[in-house]
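The values are calculated or read from the model by the stated rules, or taken from the named source; none is laboratory data. Quantities reported herein were computed from a predicted structural model and do not represent experimental measurements. Counting neighbours? That spans all protein chains shown, and the Cβs are built from the backbone with ideal geometry, glycine included. Just the protein is used for accessible areas: all its heavy atoms, side chains included, with ligands, DNA and RNA removed. Shrake-Rupley method; radii C 1.70, N 1.55, O 1.52, S 1.80 Å.
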Amino acid sequence: MPTLSPDVRRAHARSLLGATMLLLTMLTRPAMAGQDTAAVGVVRGTVTDTAGQPAPDATICVQGAGQCDVAGRDGRFAITGVRAGTYQIEIIGPGRPIFLSQAVDVRAGLDSVVEITLPDVQTVQQTITVTAPAFVLPEEITTSGFLVSATEVLNSAGALQDVSRYVQSLPGAVIGTDDFRNDLIVRGGSPLENLYIVDNIEIPNINTFATFASAGGTVSILDAALLQDITFLTGGFSAAYGNRTSSVLQVTQREGNRAGLTGRATVGFAGVGAVVEGPIGRARSGSWVVSARRSFLDLVTEDIGIGGVPVLYTLNAKAVYDLSPQDRVWFVNVSGIDRIRLGVTENSDPTEELSNLDIRYSGRRSATGVNWQRLFGTSGIGLFGLTHSRATVSQRVSDLIRNGIPPPGTPIEAQIAAGSVVFREDSTESELTGKYDLTLYLPMVGKLQTGVSVKRFNVRYDTASPFGNDSPFFVVADVNPFQLREQIDPYQFGTYSQATRPVGSRVNTTIGVRFDRYRYLDASALSPRVGLDLKATRRWTLRGAYGRYAQQPFFLFVAAYPGNRSLQPFRADHYIGGASYDIDPATRFTVEAYRKTYRDYPVSSQIPSLSLANVGDTFAIRDILFPMTSAGEGSATGVELFLERKPNIGHWHGRTSLAFSRTRYAGLDGVLRPGSFDYPVVVNVVGGYQLSPRWDVSTRLAYLAGRPFTPFDVATSMAQRRGVYDLTQVNAQRAPDYFRLDLRVDRRFTVGGREVSAFAGVQNVTGRRNVASYGWDRRQNVSRVNEQLGVFPILGLDWRF
């Protein structure tokens, strides 16, 4: 997305997001996130008789997989390393015939928990009862994990079928500066601290209109129609994940249809898309699925009120093939192309900051990965992955009033020609990653996981800010000009090991350690991690975790100024404790407390109160590139309460969370101040109700206590005709509280024997004028309030063929 001044972000964002939003329009009990380093699942549970007593010595097998286990004296069993798919469970009880269950789903990275009831020997009943699997937390993940289904993302009010926007409603996550972006702010951390993984491939940014200095954008490149499971880890995650300090968003896309060729098409006000899928080979040993989407507003208009029209293409593809019962390979590609022109037109409102600029942006990003999974009988799984990702951004920003306000009547072409280019970029970042993860099940050790990864980067920067930084933090305008023309090819190396084993029948422990080497910084990090899970009663579970996490600042921050080459990886220590209570098979209550402490955080070497932790959810690269040093510190502390009822059980489902938190960061002066993403109280309510087999309704309510902001030094701002902060009050004031209510209605019907789904909804039903930020009107030379999304209708249509 173009580099913009703080005022411009709001001047154009409403129209841009409004257009972009229109472009991409088993029965379970409460589930938790899994860790998918093997791309297999576990089938576990208990075998009982009709009286509810354990049935020891029963043999349970996954039919077609050749994997079995024998129930212990308590009736418990666990079949590890089961490849994702749909299977029947074969049960052989002592002195009983062989029984087969109904189909049971197994998901990659999740434990499928089933309860098996055997019939009485005296009866002639030839069937057994097997509950539908509850997809739950693998034993090595003890805290801060959430599992989200594809249905929830597709059908939820307010999510816009965007993975990132949906998880913003989960405990620990909030929106950033405004709801025109989909940045993830997790437990007070910067939006730059989140890791994205899709089908075992790491993707630097999964969003459209993105930059090299951010991890968010407007909407996701991922097509929600291809999603299967989303796991979101908000803290205390295991040693398998490195180089991020706040969260992991892990996406598993579904396989294509192995039964035959099928497809679906979507049409909205501003976009069209299609998904086509089918089997591979006559034996149908594999499948493929492809999704392609394109905006079409540019075909009907040249301007939607922002000086242009966003143009967007996305492509998602996945192919899976079983080479043998032990070997599976899969290919994944996620790509996006976008471009836009923003700025002054003949009909522009001269009071809008966008009328002062001419901005041209185009971007391309793609990630392609190949994975090979090998099953070593019942003793373990190996997973090799090779990934290549590449992103290119070209942009130019011209300030049309830098040299004075043009006289009335000046032609647009003349205004643009007379403007000053204040930022330009034509840069590329690419990386090649090779990784291998090995999971072993050893009698004396339990579950042992180890892995290694090597990343080779190729980064080419051609970026210039000839007049320097114009951030409101700087009392003097146009500081730190730079021109960066550099090509670098550093590498990063990482390795980890962790062991998970039970201690008795109620306690489960995980101990691990990770080592990372950052060649560009000539630095290393050693990160210990530990987790504990205690089954206190049948319904109560107590959990705790500690972990140390390290992250290299983004390459652009390090390369922009010579002094930034001395930056070090910053560090976060997570301390987490909590408990969960299973109210019934569909409903769960969780409470969790956490503390996250930071050290060596990048901070400005010129502005003592400025920390990189307080920026990042912005398109304005020019304003967040400045000389830095690794001298910052900070902390985030909070308590989260969460009540969840999963979908597909009964007519309603929902999630309600209440979070209390406190976030503080210090710059070079060592003074701890409220973080820019410090929301003391956050309430989220997301739910849906099935009115009938054809009608659904869903809603989302969000309340966030006012976020901190820094007021302007009015006298200095007026003298310089630009916004300048009062640095004696950094984040000392708070904006009004944020409140938003979204509604959506879905209708399913049949046309010509084909299933058709239509939905209609409204974002911000109450029309509340939430405050996003405070900007400075350079023409009128006064401060102004920049507002969030107003009332916004959405429509969509999905046709399966």
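Here r is the Cβ-Cβ distance between residue 426 and residue 331 and R0 is 35 Å; the resulting FRET efficiency, rounded to 0.05, is 0.70. The per residue volume of the convex hull around the alpha-carbon atoms of region 318-399 is 128 Å³. Among beta bridges from DSSP that stay inside the chain, the antiparallel ones total about 95%. May I ask you to derive the FRET efficiency for residue 417 and residue 384 from their Cβ-Cβ distance with R0 = 41 Å, giving the value to the nearest 0.05? The calculated FRET efficiency here is 0.15. Could you give the nm distance between label points at residue 405 and residue 681, where each point is 7 Å from its Cα heading toward the beta carbon? Simple spin-label model gives 4.3 nm for this pair. The distance linking region 317-372 with region 171-242 is 15 Å (Cα centroid to Cα centroid, whole angstrom). Based on every Cα atom in region 455-532, Rg and the maximum pairwise Cα distance Dmax equal 22.2, 66 Å.
Binning all Cα-Cα separations of region 372-438 at 5 Å, short to long from zero, yields these whole-percent fractions: 4, 12, 13, 9, 8, 7, 7, 6, 6, 5, 5, 5, 5, 4, 2, 1. Excluding ligands, DNA and RNA, the accessible surface per residue across the chain is 37 Å² with a 1.4 Å probe. Rg/Rh for region 488-535 (Cα atoms only, Rh after Kirkwood) is 1.25.
Label-to-label distance for residue 259 and residue 283 is 2.3 nm, based on points extended 7 Å past Cα in the beta-carbon direction. Evaluating kT/(6 pi eta Rh) at 10 °C and 1.306 mPa s, with the Kirkwood radius of region 176-295 over Cα pairs in the Stokes-Einstein relation, gives 97 µm² s⁻¹.
Farthest towards the positive end of the charge dipole of the chain, among the residues 711, 697, 604, is the Cα of 697, using unit charges on the Cβ of Lys, Arg, Asp and Glu.
Charges were assigned to the Cβ only: +1 to each Lys and Arg, -1 to each Asp and Glu. The resulting dipole of region 544-699 about its Cα centre is roughly 140 debye. The ellipsoid equivalent to the alpha-carbon distribution of region 532-575 has semi-axes of 42, 8, 5 angstrom, derived from the gyration tensor eigenvalues as √(5λ) and listed largest first.
Go ahead and run the numbers for FRET between residue 783 and residue 691, Cβ-Cβ distance against an R0 of 56 Å, rounding to 0.05. With a Förster radius of 56 Å, E is 0.75.
Our estimate of slack between residue 566 and residue 732, defined as 0.36 nm per intervening residue step minus the Cα-Cα distance, is 56.7 nm.
The mean sequence distance of close C-alpha pairs (under 8 Å, at least 6 residues apart), as a share of the length of region 65-122, puts its relative contact order at 25 percent. With the convex hull of its Cα atoms as the shape, region 622-682 has an orientation-averaged projected area of 7.0 nm². Above 25 Å, the calculated P(r) of region 255-372 contains 45 percent of its Cα-Cα pairs. Counting only DSSP H runs of at least 4 residues, each contributing -39500 (n - 2.57), and dividing by the residue count of the chain, the helix-based mean residue ellipticity at 222 nm comes to -1500 deg cm²/dmol. For the chain, the Stokes-Einstein estimate of translational diffusion at 4 °C and a viscosity of 1.567 mPa s comes to 47 µm²/s, using the Kirkwood hydrodynamic radius over alpha-carbon pairs. Charged side chains reduced to their Cβ positions (Lys and Arg at +1, Asp and Glu at -1) give the chain a dipole of some 780 debye around its Cα centre.
Working from Cα pairs under 8 Å separated by at least six residues, relative contact order for region 180-222 is 39 percent. Full extension of the chain segment joining residue 491 with residue 522 gains 10.1 nm, where the gain is 0.36 nm per residue of separation less the Cα-Cα distance. A cut-off under 9 angstrom between Cβ atoms defines the neighbours of residue 703, and their net charge, with Lys, Arg +1 and Asp, Glu -1, is 0.
Computed from the C-alpha gyration tensor, the three semi-axes of the ellipsoid equivalent to region 691-783 are 47, 16, 8 Å, from longest to shortest.
Antiparallel beta bridges, as assigned by DSSP with both residues in region 151-266, represent about 70 percent of the total such bridges.
How far, in nm, would the chain grow between residue 436 and residue 641 when pulled straight, counting 0.36 nm per residue and subtracting the alpha carbon separation? Taking residue 436 through residue 641 to full extension adds about 70.1 nm, to one decimal.
Highest-first packing order for the peptide set 186-196, 460-470 is 186-196, 460-470, based on the mean count of other beta carbon atoms within 10 Å. One Cα centroid belongs to region 561-596, the other to region 46-64; the line between them spans 38 Å. Calculation over all alpha carbon pairs of region 562-655 in 5 angstrom steps from 0 returns a P(r) of 3, 11, 15, 13, 12, 9, 9, 9, 8, 6, 3, 1, 0 percent. For region 361-490, the normalised intensity computed at q = 0.18 Å⁻¹ comes to -1.04 (log10 of I(q)/I(0), Debye sum over alpha carbons, equal scatterers, no solvent).
Averaging 1/r over every pair of different alpha carbons in region 598-705 and inverting the result gives a Kirkwood radius of 16.7 Å. Toward the positive end of the charge dipole of the chain, with +1 on the Cβ of Lys and Arg and -1 on the Cβ of Asp and Glu, the farthest Cα among 785, 587, 574 is that of 587.
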